[in-house]
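Undergrad: Pasting a structure here, questions to come.
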Amino acid sequence: MSGPRCPQCARPCASPRLLPCLHSLCEPCLRRLGPLAGPPGAARPVLCPVCDAELSLPAGGVGQLPPDCLAGSRAGAAPGCDLCADGAAAGRCLTCGVRLCRFCCRAHRRQKKTASHAVTELENTKDCSQAGKPLPCSSHPTEELQLFCEQCDQPVCRDCVLGSHRQHPCDFTGNVIHRHGDALRELLKSSQQHMDTLEDVLSQVDEMGSAVRSRAEAVATEICLFARGYVKAVEEHRDRLLKQLEDLKVQKENLLHLQKAQLQQLLLDMRTGVEFTEHLLMSGSDVEILLTKGVVSSRLTKLNSIAYSTHPSVDDRIQFSPHERAGQCCGYEVFGAILNKVVDPARCTLHGEDLHSARQNQLSGFTLLCKDTTGERMGRGGEAVRVTITHKDKRDCAVKPTVCDNGDGTYCISYVPEEPGLYAVCVCVKGQHVQGSPFTVMVKHKFREHQGVFHCCTFCSSGGQKAARCACGGTMPGGYQGCGHGHKGHPGCHHWSCCGQVKESSECLCGPPSDTSQRSLLRTVAL
């Protein structure tokens with residue numbers, strides 16, 4: 001029966017070798033693999049002709065690659081008879097260690113020299129693989145690989161244990177196969193889970209592609225309905241909109257196709273690794289599993305570490321606004337535009353004089369300006385804006401703000417703080433903080449309304465003594481703040497700093513104060 005064939009040259013290969021990507025080639029094809037371009041002196045990778053993966057060959061070259069012992073069974077080729085080389089192996093002589101077809105099995109039992117040999121029948125593919133000739137040691141061809149060196153992580157023979165592996169911990173392959181096989185099974189389980197996730201993501205990508213196309217068709221219908229009211233100008237504008245929509249759809253589909261191709265390639269690589277590992281664990285002998293364990297573990301670990309998005313790379317957000325001004329077309333002002341702007345919270349800005357300060361029980365506010373990913377103003381409303389204002393020292397003290405959508409990309413936020421102190425303000429658009437958020441607002445005490453008669457002249461007549469009291473019961477904060485003339489006893493001063501009030505219309509009898517004193521006296525003081 002025909003043996004395995006090389007996937008590169010399609011010729012039968014007697015001793016294929018396994019690449020790190022789990023594809024096997026014959027040695028002549030392996031030696032023809034040219035290294036990729038790279039800096040001189042550095043190890044340059046080769047390209048697998050099957051999956052186009054960049055691979056690093058061992059330091060010893062292709063001769064150090066592990067042999068692909070299961071290439072024939074993966075190709076569906078049954079092992080042949082070792083005596084006649086014509087029929088398929090149906091049994092194995094436990095004494096000679098050779099595979100025998102049915103005719104040779106009967107002849108083996110009849111011959112006097114081999115009549116006492118024990119011949120067992122092969123029942124399945126795994127038995128066929130395990131019943132093959134013992135794998136010889138590459139360093140000692142006459143010795144069989146029966147032991148496994150834990151330190152070097154490779155099967156060895158008895159001579160290797162007595163020689164280069166003398167001080168290394170070694171054990172029989174039958175004793176260590178369970179532990180190493182379980183490790184491969186864990187990696188296989190993880191790879192299978194990734195395969196399920198990849199298949200789900202690919203399904204979502206296909207569904208999103210259908211949604212994009214459906215949405216594009218729906219928008220195209222809206223555009224056609226809107227364009228029926230015009231003649232030449234509107235028809236040309238309609239064609240322009242459809243071209244823009246087609247470009248947008250193609251752009252989104254190209255991104256989805258690119259993501260789909262990347263996911264399909266990753267899934268293909270995963271499936272190759274999983275099928276190879278499953279076949280290895282099911283059909284490989286102990287020595288064969290241990291021989292290829294390193295490259296299989298390395299491949300599955302690398303595939304499992306590849307990051308990929310579990311969601312489609314684009315959305316189906318395509319909208320048509322018939323009331324949007326679109327400029328001039330054939331001398332006519334036309335309306336209707338495709339909206340594809342997406343607000344970028346990181347580019348949205350806050351504006352206003354009361355952005356960082358406010359007064360107790362007084363209306364304060366600021367403005368939010370929304371921008372897209374290019375920094376341009378959105379020009380329309382409808383965004384999800386959330387504002388929270390909480391006291392930093394009193395956790396149970398919060399202010400409920402009012403958000404007003406102006407419909408042009410700006411939002412007015414107003415609030416009335418009831419308690420003085422430092423507040424933390426968070427402004428979020430679509431669940432993300434805008435530029436400058438969070439920030440703090442200092443809420444000052446409210447002005448106390450003056451009750452009764454203004455008696456600032458009492459302070460002036462006292463010579464600027466701090467103990468002098470106004471009729472309201474307050475005292476002058478700071479030093480002497482009379483009318484600025486340095487006199488005493490003149491009635492009619494036009495400021496009362498103790499009450500936080502200024503009466504512009506009154507004037508001292510000695511005349512208006514100087515500019516310097518005027519600027520000092522017109523300030524208001526909050527009690």
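The values are calculated or read from the model by the stated rules, or taken from the named source; none is laboratory data. Every value quoted in this text rests on a predicted model; they were computed, and no experiment measured them. Note that each Cβ is placed from the backbone with ideal geometry, even for glycine, and that neighbours are counted across all protein chains shown. These area figures cover heavy atoms from the full protein model, side chains too; ligands, DNA and RNA do not enter into them. Shrake-Rupley method; radii C 1.70, N 1.55, O 1.52, S 1.80 Å.
Undergrad: When you go through (1) closer than 30 Å to THR142 by Cβ; (2) among the basic types (Lys, Arg); (3) in contact (Cβ under 8 Å) with a residue 60 or more places away in the chain one by one for ARG166, which number turns out not to apply?
TA: Going through (1) closer than 30 Å to THR142 by Cβ; (2) among the basic types (Lys, Arg); (3) in contact (Cβ under 8 Å) with a residue 60 or more places away in the chain one by one, ARG166 breaks only (3).
Undergrad: Now for a different question. Could you tell me which numbered condition ALA71 fails, if it satisfies all but one of (1) open to solvent by 30 Å² or more (accessible area, probe 1.4 Å); (2) modelled with pLDDT under 75; (3) aliphatic (A, V, I, L, M); (4) touching a strand residue (DSSP E or B) at 6+ places or on another chain (Cβ under 9 Å)?
TA: (1)
Undergrad: Tell me the residue from GLY331, GLY284, GLY294 that is touching a residue at least 12 places away in the same chain (Cβ under 8 Å) and touching an Asp or Glu at 6+ places or on another chain (Cβ under 7 Å), please.
TA: Step by step, each of GLY331, GLY284, GLY294 is checked, and only GLY294 is touching a residue at least 12 places away in the same chain (Cβ under 8 Å) and touching an Asp or Glu at 6+ places or on another chain (Cβ under 7 Å).
Undergrad: With the structure loaded, tell me whether ARG158 is within 21 Å of LEU291 (Cβ to Cβ), open to solvent by 60 Å² or more (accessible area, probe 1.4 Å), outside the structural domain of LEU266 (by the TED database) and under 38 Å from the mean Cα position of the chain (by Cα) or whether it fails that test.
TA: No; evaluated as a whole, the condition is false for this residue.
Let's see how each residue does on (1) closer than 30 Å to LEU245 by Cα; (2) touching a Gly at 6+ places or on another chain (Cβ under 6 Å); (3) not in a strand (DSSP E or B):
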site: GLY336; (1), (2), (3): yes, no, no
site: ALA346; (1), (2), (3): yes, no, yes
site: GLN362; (1), (2), (3): no, no, yes
site: GLY365; (1), (2), (3): no, no, no
site: ASP396; (1), (2), (3): no, no, yes
site: VAL403; (1), (2), (3): no, no, no
site: GLU418; (1), (2), (3): no, no, yes
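Undergrad: Follow-up. Could you check, for the stretch 351-365, whether at least one of its residues is crowded, with 17+ Cβ neighbours inside 10 Å and under 30 Å from LEU248 (Cβ atoms)?
TA: no
Undergrad: Further question: With respect to GLU275, determine if the residue is loosely packed, with under 15 Cβ neighbours inside 10 Å, more than 30 Å from ARG215 (Cα to Cα) and among the charged types (D, E, K, R).
TA: Working: loosely packed, with under 15 Cβ neighbours inside 10 Å: yes; more than 30 Å from ARG215 (Cα to Cα): yes; among the charged types (D, E, K, R): yes.
Answer is yes for this residue.
Undergrad: Going by the conditions given, is ARG386 of a type in the set (D, E, K, R) and out of contact with any Lys or Arg (no Cβ under 7 Å at 6 or more places or on another chain)?
TA: Values: of a type in the set (D, E, K, R): yes; out of contact with any Lys or Arg (no Cβ under 7 Å at 6 or more places or on another chain): yes.
Criteria met by ARG386.
Undergrad: Find all pairs meeting these conditions: Cβ atoms under 9 angstrom apart; at least six residues apart or on different chains; first residue within the stretch 247-275 and farther than 21 Å from ALA53 by Cβ; second residue assigned to a helix (DSSP H, G or I) and among the basic types (Lys, Arg).
TA: Taking only residues 6 or more apart or on different chains, the pairs are LYS249/ARG213; LYS249/ARG215; GLU253/ARG213.
Undergrad: Could you pull out the residue among SER210, SER191, SER164 that is within 30 Å of GLU253 (Cα to Cα) and surrounded by fewer than 14 Cβ atoms within 10 Å (Cβ to Cβ)?
TA: Exactly one of SER210, SER191, SER164 is within 30 Å of GLU253 (Cα to Cα) and surrounded by fewer than 14 Cβ atoms within 10 Å (Cβ to Cβ), namely SER210.
Undergrad: Also: For ASN254, work out the one condition from (1) closer than 20 Å to PRO20 by Cα; (2) polar (S, T, N, Q); (3) open to solvent by 70 Å² or more (accessible area, probe 1.4 Å) it doesn't fulfil.
TA: Among (1) closer than 20 Å to PRO20 by Cα; (2) polar (S, T, N, Q); (3) open to solvent by 70 Å² or more (accessible area, probe 1.4 Å), ASN254 violates only (1).
Undergrad: Filter the stretch 97-134 down to the residues that are part of a loop (DSSP other than H, G, I, E, B) and modelled with pLDDT under 75, then identify the one that is most open to solvent (accessible area, probe 1.4 Å).
TA: Ranking the qualifying residues of the stretch 97-134, first place goes to GLU123.
Undergrad: If you don't mind, there's one more thing I want to ask. I need the full set of residues from the stretch 299-320 which are in contact (Cβ under 8 Å) with a residue 24 or more places away in the chain, surrounded by fewer than 17 Cβ atoms within 10 Å (Cβ to Cβ) and not charged (D, E, K, R), in order please.
TA: Matches in the stretch 299-320: THR301, ASN304, ILE306, TYR308, SER309, THR310, HIS311, SER313, GLN319.
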